[in-house]
Amino acid sequence: MIIELPNKHELEFPDDTPPEVMRNAIHKHYPEYAAMYKGNPTPESKGNPTENQEDRDAILRYGIKDPLAGLAQLGHGLLNAPHNIAALFSEKLASHIPKQDEFNYSEALGIPEDQKNLADKLIQFAPELGVSLGLPATRLGKLGEVIDKLPGWGKYLKAGLGNAISQGGFAATQSPEPGKAALEAGAITAPFSALSKAVESGNPTVRNVGRVLGGLGAGGLGYYGAKSVGAPEPAADLSAILLGALGGRGGNLDRRVREDMLKGVKGTDYQDVLNAGERLGVHVRPSEASGNPYAAGMEAAVGKSPQGSQKLYESGQKRSASEEKSIEDLFGNIFPKKLEEQKNALYKMADATQIPQSTLDQFKDNEIFKDALKDVKSESAYREKLKGVPENSVEYLNQIKEAMDDMIEKAPKKQGRIIRDTKNSLISELDKVSPEYKEARQLAERGIVRREIEDLFNKKDETGTNLFKSLLSNKRDYSDLQKKFKRLEEMATTPEQVESMKNAQQQLEDMKLVFGRLIPTPTARTAAALGRQNAAQEGNLTGTAKQYLHKLLHSDKYDVAAVRLITNPKWADELDKLGEITQKDKLIAAFHNLLGKAGAQAIAQ
């Protein structure tokens, strides 16, 4: 193919050469002829005249005509404001005020109503929107003071009414039907203004109500607005969902979890229980520390997601271990195992000590002493044990004391008290004769008390709940045990022993306060069953739908965050944050306020 150019110039190309390649070759070899080559404009040329004209028309329409039409319509409405506002109160009064005839500035500028698209409507509405957003709430004077004092929602009602009057009045100036426009604008602005104020409230309940209702209202406006500009049903639904989701947000996940899980704790006497748990080394959850049923119900609803249930199970295992450790610590304070050898050594040192005859003479006429002595001499076991032991030794008299213990156990209550008096008199004399006996006996009693508590478990797990059920829940048993601890403290012969028994008394008091409140945590079997249940739900359509709905309302992230909070030893530190207003609260409040004003003016027109 040969291309002929002016001035007898030629270029030859293969027959299948694309036009673009030929054009570029001409531009390269003969740039002075580029503009003469018809149908192949150069890159430096001005392009397609038709496309350029469309661009100029768009700039003129959206950049100049639409803004002018919007401003002109706004000014026209403001000129008619006195007439329109007067018409709200009296048509007769309005008839005396001049009114400008209706005029369609958009059509005059070449954009008739039937040719307007969404961009035209939004641009022409922008001036009116700008004014509406800048309008302050109407001052209500004395009426506002009265409304503000109303209990509960007074201040929110005041905010709603003040903005409703301002926005209603402005809508009336811009509409050929001022009464209808004022009512519609006021009715839309009022709830959004009230909810905007509620979202900024320091009260978590009010804030959450404001956020949820604001989200519902935003969704409704989104749907109505999309339908009003001719959007199809799916698009209107999507608009409702998006605006509703944005309007319903407010606050972050941790803040929502904090408000839900700790709401019932604020104001309760949780601190004493929490302090007792810290001394024991046992974690106490918010519902357990407060004893509040609402908090307990909220905690029962979490730990349902796979991650949440696993974390709750792991926390439960740690707490079970801490309960067992606290009980072992109690045993250690009552009678550490290391004292067993010390006790035996002290008894051995005391056994050979001789009792003065004057001391023995005090008991020679005591009938209880006589019976106990008779039992020791008549029972073969005692005789075997005491072979070669002098009858005036501490070892022999200690055996008589133990015989009295058996007598007390078998005797009726009143007789037992009499026998105990004789036994205590004998012990007092033995203590005077042998300080080693006194210390050994004190250690022995501590060991006996420890064994009594250990026997309460009787093959049960060493948990706080079992200890509470077996001993601490009974007022008399608990009181008797505390008395024993106090007596052992008084009998202690070293500062270390005194301190350990004081610690035991404090531990027992803490355990009574804490262990009765503990809520059982999930077992491994429970966690596995929950996992199977979740898997089964995913295997059918109904289960999947329910799970999806559950996640919308109560997401896995929420569940895990809730479990993390209630298992956090420092959860009480979060209580001071319950009333805080975050930057997100302020933003969402501003969004509700803006949405209410914009929606009010749009729908009113």
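The values are calculated or read from the model by the stated rules, or taken from the named source; none is laboratory data. Note that the coordinates shown come from a computational prediction; the quantities given were computed from them, not determined experimentally. Here the Cβ is made from the backbone with ideal geometry for all residues, glycine too, and neighbour counts use every protein chain on show.
Can you name every residue in the stretch 51-100 that is in contact with a helix residue (DSSP H, G or I) (Cβ under 8 Å, 6 or more places away or on another chain), without any contact (Cβ under 8 Å) to a residue 40 or more places away in the chain and closer than 17 Å to SER175 by Cβ?
Residues satisfying the conditions are ALA72, HIS76, HIS83, ALA86, ALA94, ILE97, LYS99, GLN100.
Which residues, taken from the stretch 267-303, are part of a loop (DSSP other than H, G, I, E, B), touching a helix residue (DSSP H, G or I) at 6+ places or on another chain (Cβ under 6 Å) and not polar (S, T, N, Q)? Spell out the reasoning first.
Initially, the stretch 267-303 is screened for residues part of a loop (DSSP other than H, G, I, E, B), giving 267-270, 281-285, 291-292, 301-303.
Checking which are touching a helix residue (DSSP H, G or I) at 6+ places or on another chain (Cβ under 6 Å) leaves us with 268, 270, 281-285, 302-303.
Those that are part of a loop (DSSP other than H, G, I, E, B), touching a helix residue (DSSP H, G or I) at 6+ places or on another chain (Cβ under 6 Å) and not polar (S, T, N, Q): TYR270, GLY281, VAL282, HIS283, VAL284, ARG285, VAL302, GLY303.
Filter the stretch 349-404 down to the residues that are among the polar types (S, T, N, Q) and either surrounded by fewer than 18 Cβ atoms within 10 Å (Cβ to Cβ) or part of a helix (DSSP H, G or I) (or both) and list them by number.
Going through the stretch 349-404, the residues among the polar types (S, T, N, Q) turn out to be 353-354, 357-359, 362, 366, 378, 380, 392-393, 398-399.
THR353, GLN354, GLN357, SER358, THR359, GLN362, ASN366, SER378, SER380, ASN392, ASN398, GLN399, listed by residue number.
Do we have ALA94 as outside the structural domain of ILE165 (by TED's automatic domain parsing) and modelled with pLDDT of 75 or more here? I'd like the intermediate steps shown before the answer.
On the way: outside the structural domain of ILE165 (by TED's automatic domain parsing): yes; modelled with pLDDT of 75 or more: no.
Against the criterion (outside the structural domain of ILE165 (by TED's automatic domain parsing) and modelled with pLDDT of 75 or more), ALA94 does not qualify.
Quick grid of which residues meet (1) aliphatic (A, V, I, L, M); (2) over 29 Å from GLU341 (Cα atoms):
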{"site": "LYS410", "(1), (2)": "no, yes"}
{"site": "ILE419", "(1), (2)": "yes, yes"}
{"site": "ASP431", "(1), (2)": "no, no"}
{"site": "GLU445", "(1), (2)": "no, no"}
{"site": "VAL449", "(1), (2)": "yes, no"}
{"site": "ILE453", "(1), (2)": "yes, no"}
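In the stretch 409-422, which residues are assigned to a helix (DSSP H, G or I) and either over 59 Å from the mean Cα position of the chain (by Cα) or acidic (Asp, Glu) (or both)?
Of everything in the stretch 409-422, those that are assigned to a helix (DSSP H, G or I) and either over 59 Å from the mean Cα position of the chain (by Cα) or acidic (Asp, Glu) (or both) turn out to be GLU409, GLN415, ILE418, ILE419, ASP421, THR422.
For the list (1) of a type outside the set (Lys, Arg); (2) in contact with a helix residue (DSSP H, G or I) (Cβ under 6 Å, 6 or more places away or on another chain); (3) over 15 Å from ALA562 (Cβ atoms), I need the number of the one condition that GLY308 fails.
Condition (3) is where GLY308 drops out.
Among the residues of the stretch 553-567, are any modelled with pLDDT of 85 or more and either under 30 Å from LEU471 (Cβ atoms) or not in a helix (DSSP H, G or I) (or both)? Give the derivation first.
Within the stretch 553-567, the first condition is being modelled with pLDDT of 85 or more, and the residues that meet it are 557-567.
The next check asks that each one be either under 30 Å from LEU471 (Cβ atoms) or not in a helix (DSSP H, G or I) (or both); those that pass are 566-567.
Yes, because at least one residue in the stretch 553-567 is modelled with pLDDT of 85 or more and either under 30 Å from LEU471 (Cβ atoms) or not in a helix (DSSP H, G or I) (or both).
Residues that are out of contact with any Lys or Arg (no Cβ under 8 Å at 6 or more places or on another chain) and within 26 Å of ILE408 (Cβ to Cβ): list the helices (runs of 4 or more DSSP H) wholly contained in the stretch 423-521 that include at least 2 such residues. Outline the logic, then answer.
Numbers: elements: 435-457, 464-467, 475-491, 495-515.
In the stretch 423-521, 435-457, 475-491, 495-515 are the helices (runs of 4 or more DSSP H) which contain 2 or more residues that are out of contact with any Lys or Arg (no Cβ under 8 Å at 6 or more places or on another chain) and within 26 Å of ILE408 (Cβ to Cβ).
So which residues in the stretch 286-310 are more than 28 Å from ASP269 (Cβ to Cβ) and either modelled with pLDDT of 95 or more or surrounded by fewer than 22 Cβ atoms within 10 Å (Cβ to Cβ) (or both), if there are any at all?
First pass over the stretch 286-310, keeping only residues more than 28 Å from ASP269 (Cβ to Cβ): 304-310.
Residues satisfying the conditions are LYS304, PRO306, GLN307, GLY308, GLN310.
Take LYS432 and tell me if it is at pLDDT below 90, among the basic types (Lys, Arg) and out of contact with any Asp or Glu (no Cβ under 9 Å at 6 or more places or on another chain). Break it down stepwise before answering.
Details: at pLDDT below 90: no; among the basic types (Lys, Arg): yes; out of contact with any Asp or Glu (no Cβ under 9 Å at 6 or more places or on another chain): yes.
Here the answer is no, as LYS432 does not meet what is asked.
Evaluate the stretch 479-499: report whether one residue or more is of a type outside the set (Ser, Thr, Tyr), within 18 Å of LYS325 (Cα to Cα), in contact (Cβ under 8 Å) with a residue 40 or more places away in the chain and crowded, with 19+ Cβ neighbours inside 10 Å.
So far as the stretch 479-499 goes, no, none of its residues is of a type outside the set (Ser, Thr, Tyr), within 18 Å of LYS325 (Cα to Cα), in contact (Cβ under 8 Å) with a residue 40 or more places away in the chain and crowded, with 19+ Cβ neighbours inside 10 Å.
Do the conditions hold for GLU288, that is, is it under 27 Å from ASP461 (Cα atoms), acidic (Asp, Glu) and without any contact (Cβ under 8 Å) to a residue 40 or more places away in the chain?
Details: under 27 Å from ASP461 (Cα atoms): yes; acidic (Asp, Glu): yes; without any contact (Cβ under 8 Å) to a residue 40 or more places away in the chain: no.
Taking the combined requirement at face value, the residue does not satisfy it.
Among (1) farther than 25 Å from LYS557 by Cβ; (2) surrounded by fewer than 22 Cβ atoms within 10 Å (Cβ to Cβ), there is one condition LYS266 misses while meeting the rest; what is its number?
In the conditions (1) farther than 25 Å from LYS557 by Cβ; (2) surrounded by fewer than 22 Cβ atoms within 10 Å (Cβ to Cβ), LYS266 misses (1) alone.
Go over the candidates GLU314, GLU278 one by one and state the one that is on the phi < 0 side of the Ramachandran plot and modelled with pLDDT under 95. Steps first, answer last, please.
Working: GLU278 fails: modelled with pLDDT under 95.
GLU314 is the lone residue from the list that is on the phi < 0 side of the Ramachandran plot and modelled with pLDDT under 95.
Which condition from (1) at pLDDT below 75; (2) surrounded by 14 or more Cβ atoms within 10 Å (Cβ to Cβ); (3) outside any helix (DSSP H, G or I) is the one that ARG23 breaks?
Failing condition for ARG23: (3).
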